[in-house]
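Some notes on the structure that comes next.
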Amino acid sequence: MTTLHRNYDTDSKDWKATEQEYFDKVTSKNDLIIGSEILTHYYTENSSEIILVNVFKTWEDIEKAGTLSDELAKKAWPDEKARTAFFDKQNSYYLPQHSDEIYSSIETIGQKEFKPSTKEPMIVYIRKSQMAMTGKGKGMKEYNEKITLKDPYIKGYYPFRHAWGSDSRDFMEAYFYDSFGDIEKSNLKQDELIKAAWPKEADNKAFFDQLKLVFTGIHGDFIYHNLPGVSK
């Protein structure tokens, strides 16, 4: 995940067209990039945020994918001056600063994969939690199996945790929704599913007391739009 910041002195339509061109000519043809998203600010603390997400099977594929993307770019823009002009234009849409973080997916606790079919932007809610890392607590897999994966409003769910970055406690969950209103509907549906899964108050309390021990209790909420044309 690369966090960039938009240069507001540039045109947003031109930015989208440029990123679409790069996706069509490079990212979509790079088989080592098995997933990609461009996420834009919706409800976050910084309206200039642009999150570039690339998914790889292995750590080694990150470097290999970079080499392959360079080769695809040379094929797409064989003239060096034209290629340089394109990337200069692409870079102009962003401010100089950026940050990079690498996470590992955690399919073992439950994951809901999907292929977006809509041409409209989806809502991507990212919940960033801190793992307590004490060896205590349990229940994420059970919760996801009984609640998250049964929630029809959650179109996609991807949990992942720190592999390389500033905080080894990071635990992230990405939820895909069709609309912002579906987040509230999802919350109500999860309340129903929780009551059905643990109808007895004592069982409910025992389960969530254990689940809380997995985390420190500190978390952040971030809501983005994706660009459907460059989803992979």
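When Ala206, Ala163 are screened for being in a helix (DSSP H, G or I), open to solvent by 20 Å² or more (accessible area, probe 1.4 Å) and out of contact with any Leu (no Cβ under 7 Å at 6 or more places or on another chain), only Ala206 passes.
Scan the range 99-120 for residues that are modelled with pLDDT under 95 and in contact with a Pro (Cβ under 7 Å, 6 or more places away or on another chain) and the total you get is 4. Applying a threshold of 8 Å to beta carbon distances and a minimum spacing of six or more residues, or different chains, the list of pairs starting in the range 71-97 at a residue that is over 21 Å from His5 (Cα atoms) and ending at one that is open to solvent by less than 100 Å² (accessible area, probe 1.4 Å) and of a type in the set (Val, Ile, Thr) reads Leu72/Val26; Ala73/Val26; Ala76/Val26. Going residue by residue through the range 91-98, is there one that turns out to be over 30 Å from Thr216 (Cβ atoms) and surrounded by 16 or more Cβ atoms within 10 Å (Cβ to Cβ)? Looking through the range 91-98, at least one residue is over 30 Å from Thr216 (Cβ atoms) and surrounded by 16 or more Cβ atoms within 10 Å (Cβ to Cβ).
Evaluating Pro199 against the criteria (1) touching a residue at least 24 places away in the same chain (Cβ under 8 Å); (2) surrounded by fewer than 18 Cβ atoms within 10 Å (Cβ to Cβ); (3) in a loop (DSSP other than H, G, I, E, B); (4) of a type outside the set (A, V, I, L, M, F, W, C) leaves one unmet condition, (1).
The values are calculated or read from the model by the stated rules, or taken from the named source; none is laboratory data. What you see is a predicted model, and the numbers here were worked out from it, not measured in a lab. Neighbour counts run over all protein chains shown; Cβ positions are idealised from the backbone, glycine included. Accessible surface areas use protein heavy atoms only, side chains included; no ligands, DNA or RNA. Shrake-Rupley method; radii C 1.70, N 1.55, O 1.52, S 1.80 Å.
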